Amino acid sequence: MDLDGTHCIVTGGGSGIGRALCHRFGAGGAAVVVADLDEGAARATAASVVDAGGRAEAVGCDVRSEAQVRALVVRAEELFGPVELFCSNAGVGVAGGPEAPDEDWTLAWQVNVMAHVYAARAVLPGMLARGQGYLLNTASAAGLLTNLGAAPYTATKHAAVGFAEWLAITYGGAGIKVSCLCPQGVRTPMLLGGLGAVAGEAVLAAGGMLEPEQVAEAVVEGLSRETFLILPHPEVSRYVERKATDPDRWIAGMQRLQAQLPHPA
């Protein structure tokens, strides 16, 4: 995919990976609609894209609401025409295990999974009618592996990867491209605060931390090649291969890593 002249929406665009994607897409010639629950943060990102010579507008959106996601798409089309790339990037870090409150599990499900479903419902009809379109769904390496200390996050990110794969298989013959972004450690507010101490320690123990801008560069490269799995941390592909080849050995290794981490208070 060539970004120049395209129209894209980025949810969760007010900070972290989403903000970096907006900047990179704007620099690549795309018109960007920056969506975020924090409308002020969305406006700040859009203003910085415009200041750098790009085209961007901000829209407040709670991706847990299908009505708001549909309204976001309508507003974006009013601003820049048909949506050619929808980056369903908003996510939430939820730590804990089975004991985590139902409200936390529900939040993780709504933001990390159903937001992708709502985005697909909103843009697929138009994309299918035009015979082309691109969906970029941000998941996580936790959706291919696991995130120690964060069962709701791990489970919902697995679901996000599965949904993206289903979309790619089902609509690939109709001109729809799908990529699934699965980074490991990235210096974002989610990792530094939202996932909790144990889950954050687990991510850091697994490998190096990237900056959001490095992830955005990996995304642009992946979009240009129309790669399904975009892995800013290339070692993740090796981990996935080892997991698939010998699941028991992989789980035993993760158990050893788990034993080295601090236990939650």
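Looking only at the stretch 134-184, residues that are touching a strand residue (DSSP E or B) at 6+ places or on another chain (Cβ under 6 Å) and on the phi > 0 side of the Ramachandran plot come to 0 in all.
Within the stretch 85-110, residues that are without any contact (Cβ under 8 Å) to a residue 60 or more places away in the chain have Cβ atoms under 6 Å from residues that are charged (D, E, K, R) and outside any helix (DSSP H, G or I) in these pairs: Gln110/Arg64, counting only partners at least 6 apart in sequence or on another chain.
How many residues does the stretch 132-145 contain that are within 26 Å of Ile251 (Cα to Cα) and surrounded by 23 or more Cβ atoms within 10 Å (Cβ to Cβ)? First the steps, then the outcome.
So the first thing to find is which residues in the stretch 132-145 are within 26 Å of Ile251 (Cα to Cα), and the list is 138-145.
Retained after the next criterion (residues that are surrounded by 23 or more Cβ atoms within 10 Å (Cβ to Cβ)): 138-143.
Total satisfying the criteria: 6.
Tell me yes or no: at least one residue of the stretch 147-160 is at pLDDT below 95, assigned to a loop (DSSP other than H, G, I, E, B), more than 20 Å from Val32 (Cβ to Cβ) and under 17 Å from the mean Cα position of the chain (by Cα). Yes, the stretch 147-160 has at least one match. Within the stretch 221-247, the residues that satisfy the criterion of being within 20 Å of the chain's Cα centre (by Cα) and in a loop (DSSP other than H, G, I, E, B) are Glu226, Thr227, Phe228, Leu231, Pro232, His233, Pro234. If you check Arg121, Arg130 for being under 16 Å from Ser65 (Cα atoms), of a type in the set (Lys, Arg) and in contact (Cβ under 8 Å) with a residue 12 or more places away in the chain, only one passes: Arg121.
Conditions tested, residue by residue: (1) acidic (Asp, Glu); (2) closer than 28 Å to Glu241 by Cα; (3) crowded, with 20+ Cβ neighbours inside 10 Å.
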position	(1), (2), (3)
Ala100	no, no, no
Asp104	yes, no, no
Arg130	no, no, no
Ala151	no, yes, yes
Ala160	no, yes, yes
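So which residues in the stretch 40-50 are crowded, with 16+ Cβ neighbours inside 10 Å and either not in a helix (DSSP H, G or I) or not hydroxyl-bearing (Ser, Thr, Tyr) (or both), if there are any at all?
Quick first cut of the stretch 40-50, residues crowded, with 16+ Cβ neighbours inside 10 Å only: 41-46, 48-49.
Ala41, Ala42, Arg43, Ala44, Ala46, Val49 - these are the residues of the stretch 40-50 that are crowded, with 16+ Cβ neighbours inside 10 Å and either not in a helix (DSSP H, G or I) or not hydroxyl-bearing (Ser, Thr, Tyr) (or both).
The values are calculated or read from the model by the stated rules, or taken from the named source; none is laboratory data. Quantities reported herein were computed from a predicted structural model and do not represent experimental measurements. Because the Cβ atoms are built from the backbone with ideal geometry, glycine has one as well, and the counts that use them run over all protein chains shown.
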